[in-house]
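Visitor: The structure follows.
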Amino acid sequence: MKNRQQQISHCIPSGCREEYLPLELPVSSLLRSHGIQFAGVSDLVDGYFMRSPSGYDQHLLTFTIAGRGYWRSDNRQYDLQPGEAIFYAAGSGATDFGVAGERWSMIWFYLDPAAPWEVAFSSALELKVVEFMPQLEFSMRNFILEAKRDGQAARHYAELIVHYLRVFFKGNDNDSWETFQNLWNEVAAHPEQGWDQRKLAKELKMSVSTLQRYCRKYYGKSPHRLIVENRMKQAMLLLVRSDLPLRFLADKIGYSDEFSFSAAFKQFTGESPREYRQRMKKMTYLADILK
């Protein structure tokens, strides 16, 4: 089955100029980690349009720098003026946009819908007036210039781009992603603390049901599954890198005894901790012989 992007029709006249964020470069890691899949700055001329009868799999976000554009979706149409930003939610159906006058200069982003941006808009298209347009344009254009140097300046501009996206999404709980990431780092660093859903929810000052909703949104998994995966990763490392008896190892990763740990490990990996340890150490021994 064709995806939505394969059904796009477009017209890009020869007078259009577009610059793209070099997201493939190492210095763009911050941008990629915040779900930016494709982005750039475009100076477009009359006749430019993009049309998708089935919509997009990503969120789309555009900021009008100068000139005029239009955007239609969900039986709604907006004429875009300088200083205005418009957000299209992923999977919201047919949409098209283009130049409404002689020219349209704009900044645009394709955002992963599973990324940290908490979307709480009420319809497929939402228009907002923003005050940071010149600063965002400055950051975008300078990041493009500095990215190939892979220096501190490029990282600074990347941080500014993420900052202005956060400002746009302000009020939609966009900081939740970092809060969750910080907590999971704490869980990984201290698995012995016996983490469970109630303890995680208490740390985040939210209900268990809200915790479950966010984990599904951000990671596609339940909190319990994430806790188990973290414990199993720690267990695998300790089984290979140490000779700790299972009762001590179980305590280190948050299990009350070696029996509950062994049962959980076998359910997760398909083999007992002892079988896994023996197999991995045998593989390490053979690898050493073959060196």
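Visitor: Could you check the spin-label model distance between residue 260 and residue 20? Points 7 Å from the Cα along Cα→Cβ, value in nm.
Guide: 5.2
Visitor: Find the eigenvalues of the gyration tensor of the Cα atoms of the chain, then list the square roots of 5 times those eigenvalues as equivalent ellipsoid semi-axes, largest first, in whole angstrom. Spell out each step's value before the answer.
Guide: Details: eigenvalues 439, 94, 67 Å².
They are 47, 22, 18 Å, listed largest first.
Visitor: Taking Cα atoms, how many degrees apart are the long axis of helix 258-269 and the longest axis of the chain, rounded to 10 and kept between 0 and 90?
Guide: 50
Visitor: Same structure again: Only Cα pairs within less than 10 Å get springs; with that Gaussian network setup on the chain, which residue of 204, 237, 111 has the largest fluctuation?
Guide: 237
Visitor: Taking a virtual spin label 7 Å from the Cα of residue 46 along the C-beta vector, which residues in the stretch 55-92 bring their backbone nitrogen under 13 Å of it?
Guide: Only 68 pass the distance filter.
Visitor: Here's something else I'd like to know. Quick one: if the Förster radius is 30 Å, what FRET efficiency do residue 94 and residue 12 give, using the C-beta to C-beta distance and rounding to 0.05? Can you show the working numbers first?
Guide: Values: r = 20 Å, r/R0 = 0.67.
Calculated value: 0.90.
Visitor: Determine the sum of side-chain charges near residue 32: Lys and Arg each +1, Asp and Glu each -1, restricted to other residues whose C-beta is under 15 angstrom from that of residue 32. All intermediate terms of the calculation are to be shown ahead of the outcome.
Guide: Values: positive: 155; negative: 24, 112, 150, 159.
With Lys, Arg at +1 and Asp, Glu at -1, the neighbours total -3.
Visitor: Within the accessible area of the chain, what % is carbon and sulfur when the probe is 1.4 Å and the other protein chains stay in place?
Guide: Values: 7820 of 15400 Å².
Heavy-atom surface of the chain belonging to carbon and sulfur, 1.4 Å probe: 51 percent.
Visitor: So what's the angle, to the nearest 10 degrees on a 0 to 90 scale, between helix 223-241 and the longest Cα principal axis of the chain?
Guide: With both axes taken from Cα atoms, the answer is about 50 degrees.
Visitor: Let me ask something else about it. Calculate how large, on average over all directions, the projected area of the Cα convex hull of the stretch 193-291 is; give the answer in nm² to one decimal.
Guide: On the way: hull surface 30.3 nm².
So the mean shadow area of the Cα hull is 7.6 nm².
Visitor: What residues qualify as long-range amide H neighbours of residue 49, i.e. H under 5 Å apart, gap of 5 or more or another chain, H built at 1.01 Å from N?
Guide: The answer is 11.
Visitor: Could you provide, to the nearest whole Å², the per residue accessible area of the chain with probe 1.4 Å?
Guide: Working: 15400 Å² over 291 residues.
Counting only protein heavy atoms, the per-residue value for the chain is 53 Å².
Visitor: I want to check the label-to-label distance for residue 112 and residue 221. Put each point 7 Å from Cα in the C-beta direction and report it in nm to one decimal.
Guide: 1.5
Visitor: Tell me which residues come under 5 Å, amide H to amide H, from residue 40 once H is placed; ignore anything under 5 positions away on its chain.
Guide: It is 21, 108, by chain and number.
Visitor: How much length would be gained if the chain were fully extended between residue 150 and residue 204, taking 0.36 nm per residue of separation minus their Cα-Cα distance, in nm to one decimal? Could you put the intermediate results ahead of the total?
Guide: Working: separation 54, 0.36 × 54 = 19.44 nm, distance 3.56 nm.
This chain segment gains 15.9 nm when fully extended.
Visitor: Moving on to the next point. Counting other Cβ atoms within 10 Å, which GluC sites (Glu not before Pro) in the stretch 1-105 have at most 11 and lie in a DSSP loop?
Guide: 24
Visitor: Answer with one residue from 193, 269, 9: the one whose Cα lies farthest towards the positive end of the charge dipole of the chain, charges on Cβ with Lys, Arg +1 and Asp, Glu -1.
Guide: 269
Visitor: Please give the calculated 222 nm ellipticity per residue for the chain, where each DSSP H segment of at least 4 residues contributes -39500 (n - 2.57) and the sum is spread over every residue; nearest 500 deg cm²/dmol?
Guide: Numbers: 10 runs with 126 residues, N = 291.
Using -39500 (n - 2.57) per qualifying helix, the result is -13500 deg cm²/dmol.
Visitor: Let me ask something additional. Could you tell me the accessible area of residue 280 in Å² (1.4 Å probe, neighbours in place), rounded to the nearest ten?
Guide: For residue 280, solvent-accessible area is about 50 Å².
The values are calculated or read from the model by the stated rules, or taken from the named source; none is laboratory data. Since the model is a prediction, treat every value here as computed from it, not as a measurement. Reconstructed Cβ throughout: ideal geometry from the backbone, glycine too, with neighbour counts over all protein chains shown. Just the protein is used for accessible areas: all its heavy atoms, side chains included, with ligands, DNA and RNA removed. Shrake-Rupley method; radii C 1.70, N 1.55, O 1.52, S 1.80 Å.
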